[in-house]
1. Of (1) within 30 Å of B:ILE84 (Cα to Cα); (2) touching a strand residue (DSSP E or B) at 6+ places or on another chain (Cβ under 6 Å); (3) among the β-branched types (Val, Ile, Thr), B:THR257 satisfies all except one. Which?
2. What are the pairs, 6+ residues apart or on separate chains, where a residue within the stretch B:264-286 that is closer than 29 Å to A:VAL141 by Cα has its Cβ under 6 Å from a residue that is basic (Lys, Arg) and assigned to a strand (DSSP E or B)?
3. Of the conditions (1) under 25 Å from A:ASP144 (Cα atoms); (2) surrounded by fewer than 24 Cβ atoms within 10 Å (Cβ to Cβ); (3) among the small types (Gly, Ala, Ser), A:GLY245 fails just one. Which one is it?
4. Tally time: how many residues in the stretch A:445-462 are outside any helix (DSSP H, G or I) and crowded, with 24+ Cβ neighbours inside 10 Å?
5. Regarding B:PHE430, is this residue at positive phi and of a type in the set (A, V, I, L, M, F, W, C)?
6. Failed condition for B:PRO372, given (1) under 29 Å from A:ASP230 (Cβ atoms); (2) modelled with pLDDT under 95, with all others met?
7. Taking the stretch A:307-351 only, how many residues are facing chain B (nearest Cβ under 10 Å) and farther than 27 Å from A:VAL225 by Cα?
8. When you go through (1) part of a helix (DSSP H, G or I); (2) at positive phi one by one for B:GLU488, which number turns out not to apply?
Amino acid sequence: MKRGTAILVFWAILALLAVFFFYPAWTIVGQAFVVPQPGGGTRISFASFIEVFRNPVYREGLWNAFVLGIAGMSASLLVAFPLAWLAHRYEFAGKRWLTALILVPMVLPPFVGAVGMKQMLGVNGALNAFLFKLGWMDPAVPHDWLAHGRMAGIVLMNALHLYPVLYLNIAAALSNLDPAMEQAAANLGCPPWRRFFRVTLPLVMPGVFAGASVVFIWSFTELGVPLVFDFTRVAPVQVFDGIKGLDNNPIPYALTTVLLVASTLVFAGSRLVLGRYRSRSSPRPSGKSSGRKLRGLPSLACAGAFLAVFILASLPHAGVVLLSLSGRWYGTVLPDVLTLEHFREALGNDLVVPSIRNSLLYASGATLVAVAVGIAVARVVVRSDLRLRGVLDTLVMMPLAVPGLVMAFGYLALTQEGKPFHFLVGAGGSPFLLLVIAYAVRRLPYVARSAVAGLQSSDPVMEEAARSFGATAWRTLRRVTIPLIGANLAAGGMLAFAFAMLEVSDSLILAQQAQHFPITKAIYTLLSTLGNGTELAAALGVWSMVFLAVAITGAAAIGGRRGGWFRL
Amino acid sequence: MKRGLVIFLLLAAIVALPLLLRREAPGTGPGEVDDRIVILSPHNESIRAEFGTAFERWWKQRTGRTIYVDWRTPGGASEIRMVIDAGYKAAKETGRQGIGVDVYFGGGEPDFSEQARHGRLAPLDVFKLHPGWFGPDEAVPPSFTGERYYSSDHTWVGCCVSRFGIAYNPETLKRLGVAPPVFWDDLGNPKFAGELALSDPTKSGSVARAFELLVQEQMRRSLGHVNPDGIEAAKAVGWANGLRLIQRMSANARYFTDSASKIPRDISQGDAAAGMCIDFYGRSYQSDALTKEGAPRLVWAPANYGSTLSADPVAVLQGAPSPEIAQAFVEFCLSPEIQPLWFLKPGTPGGPERRALHRMPIRRDVYAAGIPENSTMPGENPYTGIGNLTYDRELTGHAFGTLRRLVKVMCIDSHEELKDAWLAMRDAGFPEEAMKVFSDVSFVGYEEFGHGDRELDGKDPFVSARRATELGERFRANYRRAAGIARERRAEP
């Protein structure tokens, strides 16, 4: 990349981040540092920072968050890597659909996902009912799965929810791998394990790093899963509780800053250690996968591993599905009264059709923006020699670490009439532009990481060749670079789209009028219906899950078959 | 190609399903109406739907014009407070009057009093139009059970009344071998360890008031047996007992939540045995969540002598885009023909169309002719009900903010240590020495904290945070010590 262009793109992205991320975040978080003076005016103070570290409860919350981040990432890696590797190396029964199916657990609708989990694992839940039935548990002394071993439970739930992020990135990296490298090592007598550690692993390291960094920050700042386990001594829950408190307490904002700085430092540090891998393998061969065909038991074992992970990870989803169909579900393995009435009522609600259209528009717009900016980021980070490119790479990860509520209220404050972002509110109060930007900023890390990993894994020789034959920079990008990193972009884009469709905080706060509600706000609205609100919300949640599941598995299955730019 | 077509058709079918099932909206769309009103509300969807439809009809009858009710629902009380704060802050900076919202509908009296203090609520015309509705002997009294039903400056007025009570799951109680709780004290029973669902007083003024009442109840008991010389000492004893009761309840708690529906849901599912629950959610679950045999999975009752009847207000915001319509909405909410909407069965004359709202109208005259048979709560007249507590502002009113913060540092922030000590003491048979340490609240006594602590509840948030850290550490040290003593006693031969 030409230095001049790189500098221009660098500053343009920095400006975008400054305006649409740092400014709204500071509008809210700044309360921790800007102290009003008794006689009017303000002064800058770091007292709230000191208070965070003085209070042992906050210190413990930060430590627990860090432990959950590391453990969640490691556990996700333990699930995702073997699966991605099996899928890369072998052809086994049902591979095409199984490799697509295991992506589905990342689609868990908000609000009702927690209820679904409780229906399965609660004291009176399906699992205990099953164990009572088998006579393996005394109904007089039921086990409280959500109250005991909460840290381990949170790690497990995080891993089972987040492994698709890692799987997608590792699968994309493996798909870029030139089998000739491994074959050469094998021909030279390198045993399989040594080959794995000396050849395969270093080559896919950019993909591992891309997924692991997202999963670490996600687990480190995760709010929903600890809340399901009623575990409050963890920094993100402390921030959430503090922000919603009546006290106008500045500490949660200081704690948010600490989370942000800690995430950044961990990311920058690990980037220095792990992210320097640039495999720059030769352009990957097109055509069919190099996987070895398995038959009989080994083939079934591989399929079984995929199926087992899918079933385990889909436990909360199964809870939501059964809930949406239940006329009564109380203390039994399955609902003892089944009904489709909740679907009829929920999907017939006049909020739903516009909310589907809105969500598709908002999420697609945000994904397009995130992919465009993500490619630009990746080009500067990987294909330029700017000294500050590492800073840019780190900065784009920061939106992952800021609580959604902070960003949402930042945008809300700045879009009031007469405020700088008011132009983002369209005619009739439409939040289209606002939500596209808000969603895109928070989803940029997925795409940027995937794109960076893609470029790191591909040799620039193809692009250089295109340019030397007279192709313009735009044509090279369109015809060479994007196809080269297509699998990575598809992985990042898929994550960005799915998580934008299920976004909560911005959707609740910024989509104010009913005709602009996205699906998540429609789910939230149905949830508050007296009587069967939870079941109605579950029904719409199931609709979103099915839609996203079909879209994702369909895209993965079609892409995988074509073996071209979308090889997963 | 074939696979792609299948997936495309599948996606098309999924998207078509809601299109096929779509019902005609009960109201009119925003684009095709004469008038519009914007209402900010934490009320649930059922209340919004019923009141929205009823107001559209009422407005049409009154003016012959159509209206669209634009409900704004950013979340619960705390999100609404943040939205209003952000809006008025920006309005002040840009020289505007309002925030584009007409009416604030639903929440607790403390939330509305707070907004009134900031000068964000406009005086209500209904007091001039219908002066006969308001007064000590009129349909809407200025106060009842010590709770205000409208503000003295007439900027807000209650529409319905509600109270906190105790919800429990009869089957779970049976499993635990506990009698149904009747008083708040009953929730301090250690058999409830890990089984209680409590509301979070730090996020809602109404819940904070419920905790305040819990302390007041203990103070009343203490004051009931003293001569005039011992009043202050009795208050201090009652205050300490109240804090200790909150400690015990919190030690039993699974969680503190700001979601009003989470508690009855968990109780009705048997995931919690009992909890603190607002009346209308309690009644709704009691009527709808049934066992296979048709018995309620959740039973709700007001805590005996432990709760007041507080108002759920409505107000017009300053700078409302349509002030006349906003004022008319308040009049609509309080009118005698609309009030029964709160408590009649769906489909009955004057009742809601689709769902019972299970709430008590504020107008006294609605109950005067006897509770109608088609009410969802036959026989229950809040104005004659016994067992109510009367809120006494003089007792703890100045400590409202302090008490809320105390519960946070003593129980919510310290929940892990609190639960651990409680379980250790339970297993050791509650040794006296450990109990003494565990329930030491002498350093947050009534004399110092009962009238509000200037540091903890002061204006400087940093001083308040420091004070909270210090107090929290002291409580946690006590809990750790109590747990240590209990374990030592248990280990003794």
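The values are calculated or read from the model by the stated rules, or taken from the named source; none is laboratory data. Remember, it's a predicted structure, so these values are computed and weren't measured experimentally. Cβ atoms come from the backbone with ideal geometry, glycine included; neighbour counts cover every protein chain shown.
1. For B:THR257, the failing item is (2).
2. That search, which allows pairs on different chains as well, returns B:ALA272/B:ARG254.
3. Checking A:GLY245 against (1) under 25 Å from A:ASP144 (Cα atoms); (2) surrounded by fewer than 24 Cβ atoms within 10 Å (Cβ to Cβ); (3) among the small types (Gly, Ala, Ser), the one that fails is (1).
4. Residues in the stretch A:445-462 being outside any helix (DSSP H, G or I) and crowded, with 24+ Cβ neighbours inside 10 Å: 1 in total.
5. Answer is yes for this residue.
6. (1)
7. Residues meeting the conditions: 9.
8. B:GLU488 satisfies every listed condition except (2).
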